[in-house]
Structures are given as C-alpha cells and as structure tokens.
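*Asks:* Pasting a structure below so you can have a look.
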Amino acid sequence: MSFNMDNPLSSQLNLGTESISLQDLFNMRSPQILEVFISRCQTYTTASDQNRTSSLIDQQFINFSSAFLGMGATTVIYPQWSAGEIPTAIFSQFYYQYRQELSPLEALKQAQIRLRSLTKTELMETYQPELESYFEQVKTPENLKQINDQKTILASLNLQEFPFANPYYWAAFTLSGLG
C-alpha cells in the first residue's frame with residue numbers, strides 16, 4: 001500500500017501482484033462486500049494532513065476506509081498507524097476468532113483486550129512456532145533482511161512479561177461503519 005500525499009486519489013492498494021488506486025475504489029460499487037479488514041499501515045492518512053493547503057475535496061477524509069464504505073461495505077476495520085507485522089498478525093487471528101460469534105465492534109474490542117493481555121509464555125509457546133514456520137515458508141534471498149528483522153523483533157518481544165501491553169500495539173485498529 002502506498003499513500004500519495006500530493007495526489008491522494010492516486011494512492012495504491014496492493015493486492016498480490018495487482019494494485020488498485022484509491023480513485024478506482026471510490027468509483028466501484030459492490031454491495032456484496034459486508035466487511036473489510038485492512039492490516040497495512042497508512043490507510044487512515046487524510047489529504048489534509050501535514051499542514052497542507054486544502055481544496056474542498058482535501059477537507060474530506062480521503063482514505064481506503066472511506067473508499068470501501070463508499071463501495072458498499074458496511075464495516076471496515078483498519079489501522080491508524082503501523083503497529084508492526086507480528087502484533088498485527090496475532091491481532092488479526094484474535095479478531096477473526098472472536099468475529100465468528102460477535103459483532104465487528106465487540107470482536108475488535110475483545111481482540112484488543114486479548115492482545116494486550118497476551119503473556120510472553122503464550123507468545124513463545126503458541127505463536128512463536130507459527131511465526132517461525134511462516135518466516136521459513138516466505139523466506140527468499142530478496143526478503144532475508146526483513147525476515148531476520150522480524151525474528152529479532154520476536155526475540156525482543158519475548159523479553160517482556162506482557163509484550164503487547166503498550167497501546168501502540170493494540171489500539172492501532174479501529175472500526176468505521178456499522179460495527
């Protein structure tokens with residue numbers, strides 16, 4: 001995902017090998033989409049950020065969340081900042097587990113509570129093996145440094161009794177629409 005501050009509507013959302021612009025999303029309609037979960041950063045940047053001189057359209061929130069709502073989605077879960085790949089991956093698992101039984105808003109709340117109360121023992125015993133297996137599956141010569149950086153981050157998280165207690169990790173995600 002890349003947000004273009006000079007021309008927000010040309011910002012791109014990467015979907016595997018394809019990408020779609022924010023302008024294209026605003027022009028689409030898809031009432032079949034009920035819920036969208038965005039896990040990447042910079043999805044909540046607005047065109048009026050960074051003390052820009054604003055035109056009429058710049059005064060509105062121009063972001064991927066509003067584009068998906070405009071397409072017809074009833075709910076969009078998205079990060080306001082990048083909380084990191086590891087906490088985001090774990091948070092996503094929690095959200096989808098809770099979402100099986102709860103409304104989007106309640107699932108979001110419970111996933112936040114669960115992430116911030118996760119202990120280092122749970123992280124090491126339950127999620128570290130999954131993450132390490134994933135790192136090995138996706139490792140290539142091109143992304144080796146990124147994989148090693150994630151392994152270093154995981155090791156540092158394991159030094160804290162509650163690795164995600166800081167709101168930086170669990171408060172990044174929010175909901176727009178009909179929670």
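*Asks:* Out of the residues in the stretch 30-50 meeting the condition of being modelled with pLDDT of 85 or more and of a type outside the set (A, V, I, L, M), tell me which one is farthest from the chain's Cα centre (by Cα).
*Replies:* Among those that are modelled with pLDDT of 85 or more and of a type outside the set (A, V, I, L, M), it is 35.
*Asks:* For the stretch 86-179, list the helices (runs of 4 or more DSSP H) that sit wholly inside it and hold at least 2 residues that are hydroxyl-bearing (Ser, Thr, Tyr) and more than 28 Å from residue 63 (Cα to Cα); which are they?
*Replies:* Details: elements: 104-116, 128-138, 144-157, 167-170.
Ranges flagged: 128-138, 144-157.
*Asks:* Sort out which residues of the stretch 110-165 are modelled with pLDDT of 95 or more and in contact with an Asp or Glu (Cβ under 7 Å, 6 or more places away or on another chain), and write them in order of number.
*Replies:* 119, 120
*Asks:* Further question: Residues 128, 97, 150, 112: which one is without any contact (Cβ under 8 Å) to a residue 60 or more places away in the chain, surrounded by 16 or more Cβ atoms within 10 Å (Cβ to Cβ) and under 21 Å from residue 169 (Cα atoms)?
*Replies:* Matching residue, one of 128, 97, 150, 112: 128.
*Asks:* Let me ask another. Can you pull out every residue in the stretch 4-24 that is in contact with a Ser or Thr (Cβ under 9 Å, 6 or more places away or on another chain) and not in a strand (DSSP E or B)?
*Replies:* Within the stretch 4-24, the first condition is being in contact with a Ser or Thr (Cβ under 9 Å, 6 or more places away or on another chain), and the residues that meet it are 4-5, 8-14, 19, 21-23.
4, 5, 8, 9, 10, 11, 22, 23, listed by residue number.
The values are calculated or read from the model by the stated rules, or taken from the named source; none is laboratory data. A quick note: this is a predicted structure, and the numbers were derived from the prediction, not measured. FYI the Cβ positions are ideal-geometry reconstructions off the backbone, even for glycines, and counts take in every protein chain you see.
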